[in-house]
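Have a look at the structure below, then the notes.
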Amino acid sequence: MGLQQELEPWKPCSKDLLLLRSLTRQLEMLQESRTLFRNQLEAFSHSAVCDKMVIKNFESLIKKIEKDIDKLKDRIEAFIKEDPIFNAKYKLVEPIKGLGILTFATIVAETGGFGLFENQKQLVSYAGYDVVENESGTHKGKTRISKKGNTHIRRIMFMAAFNMVRYKVNPFYQLYDRVYDRTKIKMKGYVAIQRKLLCLIYALWKNNSPYDPTYSLKKTSGFHEPKPLFSVGPQGPETKVATGKPVATLDELPCFQSPEALFSVS
């Protein structure tokens, strides 16, 4: 395989990306631990028999974890803003409502700055958003995403999608509304937003262009430069008419007469 295919050499992530990944994964671990201890505290609080020391121990653990979470959030935000490259890239996606700096940091850290991805299809598959068909012969089951990719990306993207639906941020909320009307499943709408948002961040990162919230409006409202549907001018060298007389067309114009006689194309 190595002899037959010209494989690109593997490039490790930079030190800054590895440091950022360690911070984001530590934050994720603490958030999961806080949720676990909160659930256990709720269970022991409503149990028939429980020592008060257990309750106090859980409460102290939760307070300690919450302080560490706040410190990690501040550290990640400072890490992004102090790095000139990360800060410049974050400015590109900052206008997207519902996408916070922690979400951006997690995506960048888990994808290695999109360095190993050549197209959106590879990125979608890496994150586990690729669609899996469940068909065999005459059997047609439900389609779903593979979920075989990076779980850290899907976890952080769910909260971003939830906020966009909650605050009705377009065009993401419009996508959710269309998917929900067609499938009547809210989770499919959330997944559609996550996939669209991930591809959008990738495109802005690669093209180094800022997000324009009015892009979809300009595209559909006629703000762009109008383009003719067909060419109305000569496309090649001049051709000679065999008969030497103007040939009338269906609109009773000579074939060589400019259509500007009928309407303006400018």
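For this structure, a couple of remarks:
- Some residue of segment 148-156 being out of contact with any helix residue (DSSP H, G or I) (no Cβ under 8 Å at 6 or more places or on another chain) and surrounded by 14 or more Cβ atoms within 10 Å (Cβ to Cβ): no
- Against the test of being outside the structural domain of L30 (by TED's automatic domain parsing) and surrounded by 12 or more Cβ atoms within 10 Å (Cβ to Cβ), the options N119, N87, N57 yield a single qualifying residue, N87.
- Residue ID - farthest from K11 (Cα to Cα), chosen from residues in segment 67-112 that are in a loop (DSSP other than H, G, I, E, B) and of a type in the set (G, A, S): G98
- Residues satisfying the stated conditions in segment 160-194, i.e. surrounded by 19 or more Cβ atoms within 10 Å (Cβ to Cβ), closer than 15 Å to I96 by Cα and not aliphatic (A, V, I, L, M): F172, Q194
- Filter result for I145 (within 16 Å of the chain's Cα centre (by Cα) and modelled with pLDDT under 90): yes
- Conditions (1) closer than 20 Å to E110 by Cα; (2) free of Cβ contacts under 8 Å to residues at least 12 places away in the same chain: number failed by L23: (2)
- Whether a residue is modelled with pLDDT of 90 or more, charged (D, E, K, R) and within 17 Å of E28 (Cβ to Cβ) was assessed, and K121 does not pass this test.
- Residues being assigned to a loop (DSSP other than H, G, I, E, B), under 23 Å from K142 (Cβ atoms), β-branched (V, I, T) and modelled with pLDDT of 90 or more are entirely absent from segment 161-178.
- Annotation for segment 28-38: at least one member residue is of a type in the set (K, R) and at pLDDT 95 or above.
- Screening A48 with (1) in a loop (DSSP other than H, G, I, E, B); (2) closer than 30 Å to E8 by Cα gives one miss only, at (2).
The values are calculated or read from the model by the stated rules, or taken from the named source; none is laboratory data. A quick note: this is a predicted structure, and the numbers were derived from the prediction, not measured. Positions of Cβ are generated from backbone atoms using ideal geometry, with glycine treated the same way; all protein chains shown enter the neighbour counts.
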